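The values are calculated or read from the model by the stated rules, or taken from the named source; none is laboratory data. Fair warning: this is a prediction, and the values are worked out from it, not measured in the lab. Heads up, the Cβs are rebuilt from the backbone with ideal geometry, glycines too, and the neighbour counts pull from every protein chain shown.
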Amino acid sequence: MGLFSDIYNTVAKFFRPQEGQGDASKSVATNRLKLVLMQDRTNLTPKILEQMRGELIDLLSRYVELDKELLELNFEHEGDQVALMLSIPVIRAKDEEEIEAALRAEAEKIEAKLENKGNNSEEDAPEVTEEASEEVEEEHSTNEVADGGENSGMSTPEDMNTNKTQEEQEEVKEECQG
Amino acid sequence: MAGRVIVITSGKGGVGKTTTSANIGTALAKAGYKVVLIDTDLGLRNLDLLLGLENRIVYTIVDVIEERCKLKQALVKDKKNPNLSLLAAAQTRDKSAVNADQLKEICETLKEENDFVLIDCPAGIEQGFQNAVAGASEAIVVTTPEMSAIRDADRIIGLLEAKEEIKSYKLLLNRVRPSLIKSNDMMSVDDVVEILSCPLIGIIPEDTGIITSTNKGEPIVNDENALAGKAYRNVAQRILGEEVPFLDLDEPKGIMAKIKNVFAKLKAKV
């Protein structure tokens, strides 16, 4: 088999002199083009897309365990309309307790942040506007994604979950490679 | 009579706007219609060269606008076809010598006595583009199956969509190389149409005959045997409302192609 394909490749070179690094440069071009056009058409920068992705992962992780590596965020066009297509490989749904714990942790985080902010600004803005609190949440969630959730208030169950998730993720990857 | 005013545009330079203008204009004139070609690429005029009329130009569009001559005096008749005439761009001036209203007025006047007014648009999306588009009600967007040309075409389509005067726009895919598409090294016609979601008016194969025809100042539609010429004649027919199937661009199978096929089959078995 190996010998035969070696011979084939050598002979084929005489007939196709330009063919070098694989014959799928067209699909590379198509994919790059689709991405860049989506950005051109919607004015969404890669940075914003990445942030959106992070926040979506964060939000959905409260309810289900996701395979973050395989999550896909794409734009699709049909005529004039643009649709945001989110493909999320779900590993398992969380049970009610876990969801509540996650929500509680989230709420605590926001409260803690608000308190901190209130102290720092020496009470010149006791009522934090909704916008501001959202900003705080965003900051926090980006950190959390980066740290792998170490700072979250409910470390015990989360850590266990993370371990499990990693194992399962590896399995998924192996399946993909196979 | 009120003729149709069609702008030929692309965004990116070098994809074949001028070649397309010259060929579609010539093909429509050959079919018996009165056609005026307007070169709006001020300072970089080339349409005269492709038509072989460079030595006959006395007045340009700027002379008309600045009233040094009448519009009719500036129209240069084609050597072979009296139905076709050219309003040349000024070579010594830049885009600011003309504005959109002036071009619109010229188009209005010309369409009274002609079946088609074809406007060869300059590259880019600035003033030159805005001027060229101003008087048109239809557009042909020329692109090639390359990323940069497609991206620019997408921008142009977006701009055309925003213009109320443009009632319809169609895509002309130029310099298609079937052998590269076959080896998956070039986007196919379907790929490009899907990405741009724009109706197609023509597929022009890459043809070395274009180079020789440009050298001679003789549009390739005049060559009955050239594939690109045939493709352009088909575009003209589609503009006239006829349904013409797109050319089958698969290359004629020679001995080498057959040998390749045998090896491809062997490879599939391995």
| query | Here are some residues: B:R233, B:R175. Which one is on the phi > 0 side of the Ramachandran plot and among the basic types (K, R)? | reply | B:R175
| remark: Here the residues within segment B:1-37 that are of a type in the set (D, E, K, R) and surrounded by fewer than 24 Cβ atoms within 10 Å (Cβ to Cβ) are B:R4, B:K12, B:K30, B:K34
| request: Go through segment B:130-160 and give me each residue that's polar (S, T, N, Q), within 14 Å of chain A (Cβ to nearest Cβ) and surrounded by 18 or more Cβ atoms within 10 Å (Cβ to Cβ). | output: B:T143, B:T144
| request: Please report, ordered by residue number, the helices (runs of 4 or more DSSP H) entirely within segment B:161-221 with at least 1 residues that are away from chain A (no Cβ under 14 Å) and surrounded by fewer than 21 Cβ atoms within 10 Å (Cβ to Cβ). | output: B:209-216
| task | Quickly run through segment B:28-74 and pick out the residues that are over 18 Å from B:R93 (Cα atoms) and in a strand (DSSP E or B). | result | B:V35, B:V36, B:L37
| query | Restricting the search to segment A:30-56, which residues are surrounded by 13 or more Cβ atoms within 10 Å (Cβ to Cβ), within 14 Å of chain B (Cβ to nearest Cβ) and closer than 22 Å to A:L71 by Cα? | reply | A:T30, A:L33, A:K34, A:L35, A:V36, A:L37, A:M38, A:Q39, A:T42
| field | Residue within segment A:69-89 that is outside any loop (DSSP other than H, G, I, E, B), loosely packed, with under 13 Cβ neighbours inside 10 Å, among the small types (G, A, S) and modelled with pLDDT of 75 or more present | value | yes
| field | Subset of segment B:91-149 (residues that are in contact (Cβ under 8 Å) with a residue 60 or more places away in the chain, among the polar types (S, T, N, Q) and in a loop (DSSP other than H, G, I, E, B)) | value | B:N114, B:S137, B:T144
| request: Pick out the one residue from B:A74, B:A2 that is farther than 25 Å from B:E146 by Cα, over 20 Å from the mean Cα position of the chain (by Cα) and touching a residue at least 60 places away in the same chain (Cβ under 8 Å). | output: B:A2
